[in-house]
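J.: The structure is given below, and queries will be raised subsequently.
None of the figures in this text is laboratory data; all of them are computed from the coordinates on show. Everything quoted here is computed from the prediction, not taken from an experiment. Here the Cβ positions follow ideal geometry from the backbone for every residue, glycine too, while neighbour counts run over all protein chains shown.
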Amino acid sequence: MGKQHFIQLGVGAVVFKDDSVLLVKRKNPPNQHQWAIPGGKVHFGESLHDAAAREVFEETGIVIDVLKPIFTFEVIETTNTDTPLHYVIIDFSAEYISGALTANDDADQAGWVGRNEFSTLDTNSITEKLLREKFNFP
């Protein structure tokens, strides 16, 4: 019998504050070392909203109010990896509630990124598409 593969469910949240978007530089695959919206895996039995709020808090220290799903996509990485990855990711819009920004957990760096700075970062192409299509950003 061959190796078993699983599909992982993930969530992310798009959070704006003062016309800047909350982004993290990813520490781990997929899209390692690229800037993206914060998010991660959904735990068994956890609601999608709770998972998005937890992941944003774990990665950035920011407390959010998760609103509605705005974007769904999948990431499949089968090359250059010992373990193939297949994620289905649901991104939500969210509102900033409170918190001091810190990079934790799966984030090498975290920041509130403005329109001018956005184009200078190595940003994940899906994040770029999402922000452009849904929020006219940058």
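J.: How would you classify the range 63-138 from its alpha-carbon gyration tensor, with a ≥ b ≥ c the square roots of the eigenvalues: rounded for a/c under 1.5, else prolate if a/b is greater than b/c, otherwise oblate?
T.: rounded
J.: Okay, next question. Using mean Cβ contacts within 10 Å as the protection proxy, how do 54-64, 127-137 order, highest first? Mind showing how you got there, number by number?
T.: On the way: 54-64: 20.6, 127-137: 15.2.
The packing order, highest mean first, is 54-64, 127-137.
J.: Students often forget the sequence filter, so: which lysines lie under 27 Å Cα-Cα from Lys134 once same-chain residues fewer than 8 apart are removed?
T.: Lys17, Lys25, Lys27, Lys41, Lys68
J.: Would you please classify the overall shape of the range 1-74 from the alpha carbon gyration tensor, given that a ≥ b ≥ c denote the square roots of the eigenvalues, rounded means a/c under 1.5, and beyond that prolate means a/b larger than b/c while oblate covers the rest? Don't jump to the answer; show the numbers that get you there.
T.: On the way: a/c = 2.18, a/b = 1.52, b/c = 1.43.
Prolate shape, in that a/c is at least 1.5 and a/b is the bigger ratio.
J.: Hey, what number do you get for the chain at 222 nm if only DSSP H runs of n ≥ 4 count, each worth -39500 (n - 2.57), divided across all residues, to the nearest 500?
T.: Rounded to the nearest 500, the figure is -6000 deg cm²/dmol.
J.: A follow-up question, please. Note down the net charge around Glu58, summing +1 for each Lys or Arg and -1 for each Asp or Glu among other residues with Cβ under 9 Å from its Cβ.
T.: Every neighbour counted, the sum reads -3.
J.: Where nothing but the Cβ of Lys and Arg (+1) and of Asp and Glu (-1) is charged, how large is the charge dipole of the range 8-135 around its Cα centre, in debye to the nearest 20?
T.: Value, rounded to 20: 220 debye.
J.: Counting DSSP beta bridges in the chain, what percent are antiparallel, to the nearest 5? Show your work: numbers first, answer last.
T.: Numbers: 25 of 35 bridges.
That works out to approximately 70 percent antiparallel.
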